[in-house]
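Down below is the structure, laid out as structure tokens.
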Amino acid sequence: MDHLLFNGAMTVKWARGGPGFLVTLDREAGPLGAQIQNQLRAAIRDHRLDTGERLPSTRDLAEALGVSRGTVVNAYDQLLAEGYLESSVGSGTRVAAVAAPVRPGTHASDGNSPTPPIEHIEIDFEYGIPDLGTVPLIDWAWAISEATRTLPTVELGDEDLTGSGHLRDVVTAYHRRVRAGSATAEDAVTVSGFRQGLTFTLAAIARHGIRCLALEDPGPREHGLIARRAGLDAVPIPVDGEGIDVSHLYSTDARAVLVTPAHQCPMGVALSPARRRMLLEWADAVDGIILEDDYDAEFRYDRQPVGSLQGLNAERVIALGSVSKTLAPAIRLGWVLAPPRFVTGIIEEKRLSSRGVPGLDQEALALLMETGRFDRHLRHVREIYRERRDVLSSEAERAFGPGQLPGLLAGCHAVLYLPTDMSEDAVVAAAASMGVRVNGLSGYRFRPQPGDATPQQVPLPPALVLGFGNVDSDKIRRGIRAIAAVICNQTPNQ
Ligand SMILES: Cc1ncc(COP(=O)(O)O)c(C=O)c1O
């Protein structure tokens, strides 16, 4: 039990057989029973206490709060009478299903929302979700158990802020072996997924005087926001059939660029060999740095993926990796491989923000990779994604004709072009009303902020981004047919 006394106010965190719940009593602020009542009522209305949750017994709560049992009984009785609580013999007092205000974003619908509540979505082409049914949980459980059994006691303490030495060794060996990288453990910092790595990296490059980050347009949805949060200006660079159009970089103030070379997000092209060369030349010319988001590199279907840019110039490239897509977002471990001049800054950001990533999880990932279980899982899911990709491709070709679905050489998403006179939003809304979730390409466009000196953005045709990592073949077929029906029924420019 946790008592805090401040100026006559007593806060008790009730902690026995029932749910922990914070009640604060101020002995100088009027009747104690009314305070208990008001706080419980407010907690139920705010959903801090949810339907069905058990409350402490009147005896336990009275004892914990240092009030008479009768005070608590009266408070409970009042809330029972008001319908906030219900009680039955054997199951104690619980929160009743009251007409509390609906929690934002769960059930409420304003009737105009293009997306129905998530429970009505049957086929979900949301971008970026791997196949959640094949996450290697048995291997992960083995690795966690092995890590727990074998991790030296000293490593249970505050980890080395660079991250687990074992994982840094294993990850850089993997990056050299599979991605033709050149980093060693000294260049690696472990992080909690790509976004965290990016946040640390942006702060670190800002310390080196970099003020402006160039971003692919269209590109990953939140990168502009993340850049601005790090205090950098963001500038959009168009993407075409060869990837980012490097020539545009020279007319900006940017000395850093964030790219998805293995499989451009969302357009799906791989950065061409000529553009790769040009990008590295640009970085040399402006004394700049390339941030390489190496996502989807593991899922190339037509041939071996091209290597990581980091392997071509370790001084000008920071590679960021993550297992959110290869294993699961719920594991979300990642790494940053950076030239020595940035490593200290990245570690400093890590130190100040969180001190690091759970050591046991890092050890588990190291074991998973080192024993070949990670590679085996990749081989397994690559075949699943390849099959889904083939189904998507043939179904789309049948429904829409050839060439409407580029971006399928790698990864788990593709872009479906719509007739040019059609509204993306209308198609997204109509598909949602049929239980199919898709995103419009416009959601991936760079969003200039007031005051930005943003160059003219290249217009793009209406299109949908279809993520198929977590959609089985049958649902892909049905989903594409539903989208085809939606398109057929749309009037142009609706
Ligand atoms: C383009 C891109 N890169 C990387 C990631 C992985 O990010 P994280 O590790 O933060 O989940 C994602 C996940 O959605 C992504 O879309």
Could you check, for region 370-377, whether at least one of its residues is within 21 Å of Asp294 (Cβ to Cβ) and of a type in the set (Phe, Trp, Tyr)? yes
Give me a count of the residues in region 271-297 that are modelled with pLDDT of 95 or more, within 16 Å of the ligand (Cβ to nearest atom) and among the acidic types (Asp, Glu). 2
Qualifying position, being farther than 29 Å from Ala463 by Cβ, surrounded by fewer than 23 Cβ atoms within 10 Å (Cβ to Cβ) and either within 16 Å of the ligand (Cβ to nearest atom) or not basic (Lys, Arg) (or both), among Gly241, Gly268, Gly209, Gly193: Gly209
Elements of type strands (runs of 3 or more DSSP E) in region 287-340, at least 2 residues being outside the structural domain of Ala410 (by TED's automatic domain parsing) and within 19 Å of Ala410 (Cβ to Cβ): 289-293, 317-322
Spot the failing condition for Val189; the list is (1) within 30 Å of Asp452 (Cα to Cα); (2) touching a residue at least 60 places away in the same chain (Cβ under 8 Å); (3) hydrophobic (A, V, I, L, M, F, W, C); (4) not in a helix (DSSP H, G or I), and only one is missed. (1)
For region 307-332, give me each residue that is of a type in the set (Lys, Arg) and touching a residue at least 40 places away in the same chain (Cβ under 8 Å). Lys325, Arg332
Would you check which residues across region 212-229 are near the ligand (Cβ under 10 Å from one of its atoms) and part of a loop (DSSP other than H, G, I, E, B) and list them? Gly219, Pro220, Arg221, Glu222
Within region 444-465, of all residues that are aliphatic (A, V, I, L, M) and under 20 Å from Asp421 (Cα atoms), the one modelled with the lowest pLDDT is Val458
Scan of region 196-206 for residues that are more than 20 Å from Gln264 (Cβ to Cβ), within 16 Å of the ligand (Cβ to nearest atom) and among the β-branched types (Val, Ile, Thr), ordered by number: Thr199
Confirm whether Val67 is part of a helix (DSSP H, G or I), aliphatic (A, V, I, L, M) and modelled with pLDDT of 90 or more. no
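The values are calculated or read from the model by the stated rules, or taken from the named source; none is laboratory data. Keep in mind the model is a prediction, meaning the values are calculated, not measured. Positions of Cβ are generated from backbone atoms using ideal geometry, with glycine treated the same way; all protein chains shown enter the neighbour counts.
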